[in-house]
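Asker: Structure incoming, see below.
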Amino acid sequence: MQCQSDNEHFTVASSAEQLRQAARAGDEPLAKSIISRYKQENSALNKLLPAVMSATDKQSGNSALHLCCANGHAEIVQLLLNENASIDQVNTWGSTALHYASLTGQEQVVQLLLKHGAKAVVENKYGKTALDEAHNGRHSDVAKLLIQHVETSAATAPNLDQQDA
């Protein structure tokens, strides 16, 4: 898809690739620039921002959120989450951004994702949760954080058995 704005031509695919590169490299100014390009008032591009943010690499299925989470770029994670990036989007292997942040020991990023509602119990195609990935990566602080989150979530969840009685 191609759009014209201020005599510039953009394609969703090229913008998505640029955003993934910025996310991987931690280039916050570039990420902000790409997003702001799509957020102009009364612009046809405005409706395309979700497509740019959720677009994935063809081989890995990784989105910009996967890449900045894996590399610990918390500022870009926050930027994407503020723009409603799909927090539980899965890649080719069924892994979410939380899986990647946990595997690579990105504690601050894990906290951000959990705060924004990431599901900690999603299993990828190999049956691994984010907690399993934290253990695999030997990241005990991240594992503790995930355990605490799951326990707190379970304690505050409504008891459906009692509601049925």
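Asker: With an 8 Å cut-off on Cα pairs and a minimum separation of 6 or more residues, tell me the relative contact order of the range 2-164 in percent.
Answerer: Averaging sequence separation for qualifying contacts and normalising by length gives 16 percent for the range 2-164.
Asker: Sorted by packing (mean other beta-carbon atoms within 10 Å per residue), highest first, where do 52-60, 100-108, 120-128 land?
Answerer: 100-108, 52-60, 120-128
Asker: Of the listed pairs Lys39/Lys125; Lys32/Lys115; Lys115/Lys144; Lys32/Lys58; Lys58/Lys144; Lys39/Lys128, which have alpha-carbon separations greater than 27 Å here?
Answerer: Distance filter (> 27 Å) returns Lys39/Lys125; Lys58/Lys144; Lys39/Lys128.
Asker: Sticking with this structure for a sec: If contacts are Cα pairs under 8 angstrom and at least 6 residues apart, what is the relative contact order of the range 27-106 in percent?
Answerer: 27 percent
Asker: Here are several values of log10 I(q)/I(0) by the Debye sum over Cα atoms at q = 0.11, 0.19 Å⁻¹: (1) -0.45, -1.29; (2) -0.48, -1.11; (3) -0.40, -1.20. Which one was derived from the coordinates shown?
Answerer: Structure-derived value, by its label: (2).
Asker: So how do Arg138, Arg24 line up by other beta-carbon neighbours within 10 Å, fewest first?
Answerer: Ordered by Cβ neighbours within 10 Å, fewest first: Arg138, Arg24.
Asker: Run the quick spin-label model on Ser43 and Ile147: label points 7 Å from Cα toward the beta carbon, then report their separation in nm to one decimal.
Answerer: Modelled inter-label distance: 4.7 nm.
None of the figures in this text is laboratory data; all of them are computed from the coordinates on show. The model shown is predicted, which means the values in this text are computed figures rather than measured ones. Note that we place each Cβ from the backbone using ideal geometry, even for glycine, and neighbour counts take in every protein chain shown.
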